[in-house]
Structure formats: structure tokens, C-alpha cells
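Worksheet: the structure to be examined is printed underneath.
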Amino acid sequence: MSPDTELPLWAAIVTAALVLLGASLALIGTVGLLRLKTFYERVHAPTLGTTLGIGCILIGSMVYFTVLETRPVLHELLIAFYMTLTTPITLVMLVRAALYRDRYHGRNQVPDSDPPKSTLIDKDRGRD
Amino acid sequence: MTRWLPYPRISALLLVTWLLFNQSLAPAQILLGVLLAVSLPWLLARLQPVPGRPRRPLTILRLAVRVLLDIIRSNIAVALIILRPGMRGRTAGFVRIPLTMRNPNALAVLACIITATPGTVWVDYEPDTGMLMIHVLDLIDENEWIHTITQRYETLLLEIFE
């Protein structure tokens with residue numbers, strides 16, 4: 001970025017608003033981690049930061065650098081793409097680990113695997 | 001073609017990724033990108049992905065727009081739940097949803113959609129019965145969730161993958 005380039009006012013406002021909104025969503029998600037009570041509830045909170053939160057910040061970044069360099073800057077799309085692809089994998093693994101442990105110890109009122117294997121076998125036998 | 005590039009579309013994606021990362025179309029970067037695009041898919045082949053390509057680009061676009069809108073909507077909903085003082089009058093819970101689709105790729109996409117949307121998380125899936133279990137942060141009506149997942153997402157995924 002050369003010192004003689006200056007960001008027009010409209011771009012500065014749009015960028016600031018988007019980055020602030022994204023950061024607020026990430027903060028709310030973090031507050032949710034603190035305030036929600038059980039593990040299964042808490043796992044919902046960080047997705048605010050990883051979806052709309054990161055989305056706003058990336059769009060802000062695209063606006064800022066596109067206006068400043070007067071050419072489209074699009075590599076932020078990669079961050080969005082790989083974020084959407086990888087975050088669910090981590091979350092699902094965490095939830096499944098918690099579910100396995102809770103079922104094993106019989107805690108936190110988690111539902112059993114459904115339907116129980118025994119009734120499934122009975123049903124099949126009845127059909128034969 | 002297929003002998004050198006077992007997954008042409010993955011190769012194309014890798015090349016575009018590399019060039020975007022480096023913000024450059026210099027011949028050296030293109031050469032490096034092509035090298036990665038040709039070599040990395042061989043590692044993917046070792047994972048033995050389930051064959052089957054998504055069809056109907058228009059349906060994919062429809063699904064993407066729908067998911068995007070749902071993500072924005074539930075971001076607002078979950079933010080309001082977290083900020084509500086005391087957080088009373090809300091029950092979280094598990095919901096069982098009978099799925100008709102069995103395609104592993106379609107199920108993987110559904111898992112990403114459900115988990116990426118704030119307020120819902122993919123929890124468990126029984127391959128024998130097709131029974132999916134999700135956890136919902138603000139559970140009011142179970143049937144509404146069954147309807148949402150099967151009508152809003154599953155019907156489109158069935159069109160795309162089966």
C-alpha cells in the first residue's frame with residue numbers, strides 16, 4: 001500500500017461497519033460459550049464467529065483492498081470456503097466424542113442410539 | 001486424461017486455490033500450481049472417496065442461497081438467545097429425523113449444512129435405519145425441525161446426488 005492512496009469515505013464506513021459487526025458476532029459467540037450451561041448447548045455458540053462473523057470481516061477486507069488497489073481482491077473467498085468446510089468437521093467430532101462418553105456413563109440424559117439393535121432384529125425376524 | 005488426473009475437478013480447484021493464495025499469474029506460480037494439482041489428488045485416491053458427482057448446477061445454486069439465508073437468519077436468532085437476560089423460557093433438546101437419502105456424499109453435505117448453521121448440530125446417524133439425530137438450541141416444535149431438514153434440504157440434496 002503506497003502512502004499517496006487514500007480510502008474514500010464511503011469505503012471506510014462500509015469496511016468499519018462490516019468489521020465491527022463481524023467482531024461483535026464473534027464476541028457474542030464467545031459470551032455464549034460462557035453463559036450456556038451444557039456442552040451440547042455451548043457447541044452452538046462459536047458458530048456465530050465462524051459463519052456470519054467471519055463472513056462480515058472477509059467482505060470488509062475485500063471491500064477495503066479492492067478499493068485501495070483498484071482491482072478485485074478475492075482470495076478472502078478461499079478463507080470462507082475452507083472455513084465452511086473444516087469447522088463442521090471439528091464440531092461434529094467434538095459432539096460425537098461427548099455423546100459417546102455420556103452414553104457410556106449414562107449421563108446428561110442423552111438419547112440412546114435409535115432404534116435399539118435388539119428390536120430391529122426382532123422386527124426382521126417377524127417379517128421372515 | 002483420467003490416467004493422469006483421477007479427479008479433474010479437484011485438480012482445477014487446487015490450481016485455482018494456489019493461484020489465489022499467491023495473488024499471481026506468473027509462469028512459475030502456474031507451474032507450481034499445476035504440479036500440486038497433479039500430485040495431490042493421488043493422495044485423495046488413497047482415501048477411497050465414494051464415487052458419484054453432484055448434478056444440476058441450478059439446484060446446487062438454489063441450495064447454496066437457501067443455506068446462506070438460513071445461516072444469516074439463525075445467526076441473529078442465536079445471538080438474541082445468548083444476549084437475552086437470564087435466558088429463560090427456552091429448551092434445548094435432541095430431535096430424531098428419519099432420512100430417506102443414503103448417499104454418503106449427500107449426507108456429508110447435510111452434516112456440514114446442519115452444523116454450520118448456528119442453533120443446530122449434527123449428532124448421530126444410524127446407517128441401518130437412516131435415522132438422524134440433531135441437537136437444537138431453541139427447541140419449540142420437533143415436527144417443524146423434521147419438516148425443515150427433510151423438505152428444505154433433503155429434497156434438494158436428493159435431486160443433486162441421486
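The values are calculated or read from the model by the stated rules, or taken from the named source; none is laboratory data. Keep in mind that this is a model prediction, so the values were computed, not measured. Because the Cβ atoms are built from the backbone with ideal geometry, glycine has one as well, and the counts that use them run over all protein chains shown.
Observations, loosely collected:
- Among the conditions (1) within 9 Å of chain A (Cβ to nearest Cβ); (2) surrounded by fewer than 19 Cβ atoms within 10 Å (Cβ to Cβ); (3) hydroxyl-bearing (Ser, Thr, Tyr), B:Ser74 misses just one, which is (2).
- Test: B:Arg90 is free of Cβ contacts under 8 Å to residues at least 40 places away in the same chain and basic (Lys, Arg): no
Per-residue answers, yes or no, for (1) at pLDDT 80 or above; (2) facing chain B (nearest Cβ under 7 Å):
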{"position": "A:Gly55", "(1), (2)": "yes, no"}
{"position": "A:Ser61", "(1), (2)": "yes, no"}
{"position": "A:Val73", "(1), (2)": "no, no"}
{"position": "A:Thr86", "(1), (2)": "yes, no"}
{"position": "A:Gly106", "(1), (2)": "yes, no"}
{"position": "A:Pro115", "(1), (2)": "no, yes"}
{"position": "A:Asp122", "(1), (2)": "no, no"}
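- A:Thr38 being within 18 Å of B:Ile76 (Cα to Cα) and facing chain B (nearest Cβ under 8 Å): no
- Some residue of the range B:140-157 being closer than 18 Å to A:Arg42 by Cα and assigned to a loop (DSSP other than H, G, I, E, B): no
- Those residues of the range B:7-33 which are touching a helix residue (DSSP H, G or I) at 6+ places or on another chain (Cβ under 6 Å) and of a type in the set (Gly, Ala, Ser), in sequence order: B:Ser11, B:Gly33
- So B:Val38, is it touching a Ser or Thr at 6+ places or on another chain (Cβ under 8 Å) and either surrounded by 11 or more Cβ atoms within 10 Å (Cβ to Cβ) or not assigned by TED's automatic domain parsing to the domain that holds B:Val109 (or both): yes
- Flag for B:Ala79 being part of a helix (DSSP H, G or I) and either closer than 22 Å to A:Leu74 by Cβ or not assigned by TED's automatic domain parsing to the domain that holds B:Pro127 (or both): no
- Checklist (1) at positive phi; (2) part of a helix (DSSP H, G or I) applied to B:Leu110, failing item: (1)
- In this structure, B:Leu63 qualifies as at pLDDT 90 or above and in contact with a helix residue (DSSP H, G or I) (Cβ under 6 Å, 6 or more places away or on another chain).
- B:Ile160 being more than 12 Å from chain A (Cβ to nearest Cβ), in a loop (DSSP other than H, G, I, E, B) and either buried (at least 19 other Cβ atoms within 10 Å of the Cβ) or modelled with pLDDT under 90 (or both): no
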